[in-house]
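Engineer: Input: one structure, supplied below.
The values are calculated or read from the model by the stated rules, or taken from the named source; none is laboratory data. Treat the numbers as computed from the prediction; the structure is a model and nothing was measured. As a convention, Cβ positions derive from the backbone with ideal geometry for all residues, glycine included, and neighbour counts pool all protein chains shown. Protein only, heavy atoms only, side chains kept; ligands, DNA and RNA dropped before computing areas. Shrake-Rupley method; radii C 1.70, N 1.55, O 1.52, S 1.80 Å.
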Amino acid sequence: MNGRALVLFSGGQDSTTCLAWALQHHAHVETIGFDYGQRHAVEMQCRETVLAELRRLYPAWGPKLGPDHRLDLALLGQISDTALTQARAIELQQGGLPNTFVPGRNLLFFGFAAAVAYRRGLEVLVGGMCETDYSGYPDCRDNTLKALQVALSLGLAAPMVVQTPLMWLDKAATWRLAETLGGTALVDLIREHTHTCYLGDRGLSHAWGRGCGTCPACALRLAGYAAYRAGPDGPAAATVAATPG
Ligand code: ZN
């Protein structure tokens, strides 16, 4: 692949791994982030650090890394945690999703990303969506994004390829992909500087990174890191990650 890509980059583990993947596979890579008043707004600060660290640690990737675009999508607040959606939000909470969850959020994100990509002359959109761990999010599913790729390409009258390198990976495999792409330095960068916790907590440091350690996002990251450390054939040794690092 030698394309020009725009990575949906939130500052979390998955999108950082995707960014490294895109830098390995594409000639030119730009990033886009959405600020919509999310509870984990600390992610937006992590983005800056991750971009700086990638440039510092990987001289081959730095020249490929173009501008970072940041869109203010505060309007999403109007369709998230409001009276209009309250009944549905309660239901979603039982599934372990935050009560600020915006239904179909990724459809909106890809739409905005495609508009920016079109303007910038970029023909590939890269996102960290994954069916394996996020079956609760229908807008992360492969069929949804394949359909979206067709809709965007038709609507823009220009090819717009949607790539999701993590689609069929579990969290342990995502850590292994990071190691393959950038060695243990990339694993360490992701552990220390990416953000996953729904509560926006970065005070507590664990072997798997920073976070509250108990919310669904932290629990998933903890389990994935434990399985990664145990190896592909080893037991999912949760005790590994339960030990503070
Ligand atoms: Zn957490």
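Engineer: Students often check this: by mean Cβ neighbours within 10 Å, which of 21-29, 182-190 ranks highest, and how do the rest follow?
Structural biologist: Numbers: 21-29: 20.2, 182-190: 17.7.
Per-residue Cβ counts within 10 Å, averaged per peptide and sorted highest first, yield 21-29, 182-190.
Engineer: Further, regarding this structure: From the backbone phi of region 114-121, what are the Karplus-calculated ³J(HN,Hα) couplings (6.51 cos²θ - 1.76 cosθ + 1.60, θ = phi - 60°) in whole Hz, Gly and Pro given as x?
Structural biologist: 5, 5, 5, 4, 4, 4, 8, x
Engineer: OK, next. If I model a spin label at N2 and E192 as a point 7 Å from the Cα along the Cα→Cβ vector, what separation in nanometres do I get?
Structural biologist: Those two pseudo-labels are separated by 3.6 nm.
Engineer: Just to make sure I understand: if all protein chains stay in place, what is the order of T49, T17 by accessible area at 1.4 Å, largest first?
Structural biologist: So, going from the largest accessible area down, we get T49, T17.
Engineer: Run the 1.4 Å probe and let me know the accessible area of D170, rounded to the nearest 10 Å².
Structural biologist: The accessible area comes out at roughly 70 Å².
Engineer: What is region 96-206's relative contact order, in percent, from Cα pairs under 8 angstrom and six or more apart in sequence? The partial results should precede the final answer.
Structural biologist: Values: 89 pairs, mean separation 26.3, N = 111.
That works out to 24 percent.
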